[in-house]
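Visitor: Here you go, one structure.
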Amino acid sequence: MLDKTKTNDAMKPYQGPISPFALQEIFIQDSFADDDERLWAPLGENRWSRPLCLNVSQGYWVHLNRFRGSGVISCHRHPAPVHGFVIQGKWRYLEHDWVAGPGSYIFEPPGDVHTLVAEDTGEDTITLFHMTGALINCDSEGNTTGYADVFTRIEAYTEHFENVGLGADYVKNFIR
Ligand code: FE
C-alpha cells in the first residue's frame, strides 16, 4: 500500500538548521553554454584552465583544462591522487599505452610521473581534473624543476582575472 505521508515527506525541502560553519556551495549552471572566455586563464602554449573549486584547507583544486590545437603538459610527478574526466578531444601520456577520449576517466595514483600530450583533433580538448597536493615538474630523469599547487594556481587566476577586467577578487568565487 502506498504511504502518502511518506511520499509527500520525500518531496518536502529540508527546513532544519544548517551549521553556520558550512561553506557556501559553488554552482556553475553550464560551463560551456554560459561560456565566457575571460574565465579561461592561460597556463602555457595552447593551454588554458578554468577554475571550478579551489580548496585551500585540503589542498586540492578542480578545474577544466583546455587545449586549443595540440598541447603538452611537461613531465611531472604527483605526490597525491588526481582524478580526470575527459569531456572532449584526445590526449595521452607518453608513459602509458592508452589514449583518452570523450568519456574517459583517469585515476593518477600518488607516485605517478608522466607527460601529457594532446592531439589536434580540430576541436578543443577539455578535461576536468581534480588535483590534490601538487604537481611537481621534473625532467625526464626525475630532477625537480618546479611545482604547482592550489596556491600557485590561485595566484595565476588572480592575475588573469585582474588582466581581463573581472578584478583580482573574482577568484574568491571559487575558493572554499
Ligand atoms: Fe598529471
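The values are calculated or read from the model by the stated rules, or taken from the named source; none is laboratory data. Values in this document were obtained by computation on a predicted structure and should not be read as measured data. Heads up, the Cβs are rebuilt from the backbone with ideal geometry, glycines too, and the neighbour counts pull from every protein chain shown. Ligands, DNA and RNA are stripped out before the accessible areas are found, and what is left, the full protein with its side chains, is counted by its heavy atoms. Shrake-Rupley method; radii C 1.70, N 1.55, O 1.52, S 1.80 Å.
Visitor: Cut-off 10 angstrom, C-alpha nodes, Gaussian network model of the chain. Which of ASN55, ASN143, ASN46 fluctuates the most?
Guide: ASN143
Visitor: Provide the solvent-accessible area of ILE175, counting protein heavy atoms only and rolling a 1.4 Å probe, rounded to the nearest 10 Å².
Guide: For ILE175, the solvent-accessible surface is approximately 50 Å².
Visitor: Still on this structure, please answer the following. Sequence gap at least 6, Cα distance under 8 Å: using those rules, report the relative contact order of the chain to the nearest whole percent.
Guide: Relative contact order for the chain comes out at 23 percent.
Visitor: Same structure, new question: Could you compute how fast the range 71-165 diffuses translationally, taking Rh as the Kirkwood radius over C-alpha pairs and applying Stokes-Einstein at 10 °C with viscosity 1.306 mPa s? Give it in µm² per second.
Guide: Translational diffusion coefficient: 111 µm²/s.
Visitor: Over the chain, one equal point on each Cα, no solvent: what is log10 I(q)/I(0) by the Debye formula at q = 0.08, 0.12, 0.16 Å⁻¹?
Guide: -0.32, -0.63, -1.00
Visitor: Provide the net charge surrounding LEU128, with neighbours chosen by a C-beta distance below 12 Å and charges set as Lys +1, Arg +1, Asp -1, Glu -1.
Guide: Here the charged neighbours net out to +2.
Visitor: OK, next. I'd like to know which of LEU23, LEU94, LEU43 lies farthest towards the positive end of the charge dipole of the chain, counting +1 on Cβ of Lys and Arg and -1 on Cβ of Asp and Glu.
Guide: LEU23
Visitor: Would you mind finding the longest exposed-site-free stretch of the chain, with exposed GluC sites (Glu not before Pro) meaning DSSP loop and at most 15 other Cβ atoms within 10 Å?
Guide: Result for the longest clean stretch: 46-94.
Visitor: Who wins for biggest fluctuation among GLY103, GLY69, GLY84 in a Gaussian network model of the chain, springs between alpha carbons below 10 Å?
Guide: So, out of GLY103, GLY69, GLY84, the one fluctuating most is GLY103.
Visitor: Hey, another quick one. Over the range 32-89, what is the relative contact order in percent, taking alpha-carbon pairs closer than 8 angstrom and at least six residues apart?
Guide: Once divided by the residue count of the range 32-89, the mean separation gives 23 percent.
Visitor: What's the FRET efficiency of CYS53 with ASN143 using the Cβ-Cβ distance as r and R₀ = 35 Å, to the nearest 0.05?
Guide: Given R0 = 35 Å and the Cβ-Cβ separation, E is 0.65.
Visitor: Then there is this: Where is the GNM fluctuation largest for the chain (alpha-carbon springs, 10 angstrom cutoff): ALA148, ALA100, ALA22?
Guide: Its mean-square fluctuation being the largest, the pick is ALA22.
Visitor: Between helix 150-163 and the chain, what is the angle of the helix's C-alpha long axis to the longest principal axis, kept within 0 to 90° and rounded to the nearest 10?
Guide: Tilt of helix 150-163: around 90 degrees.
Visitor: Let me ask something additional. Ignoring ligands, DNA and RNA, please state the percent of accessible area on the range 1-131 from carbon and sulfur, probe 1.4 Å.
Guide: The nonpolar share, carbon plus sulfur, comes to 56 percent.
Visitor: Given Cβ point charges of +1 (Lys, Arg) and -1 (Asp, Glu) and nothing else, what value in debye, to the nearest 20, does the dipole of the chain about its Cα centre take?
Guide: For the chain, the charge dipole is close to 600 debye.
Visitor: Let me ask you something else. Pulled fully out, how much extra length does the chain show between HIS83 and GLU155, if you take 0.36 nm times their separation in residues and subtract their Cα-Cα distance?
Guide: Once the chain is fully extended between HIS83 and GLU155, it gains 23.7 nm.
Visitor: Roughly how large, in nm² to one decimal, is the mean projection of the convex hull of the alpha-carbon atoms in the range 1-91?
Guide: Averaged projected hull area, Cα only: 11.2 nm².
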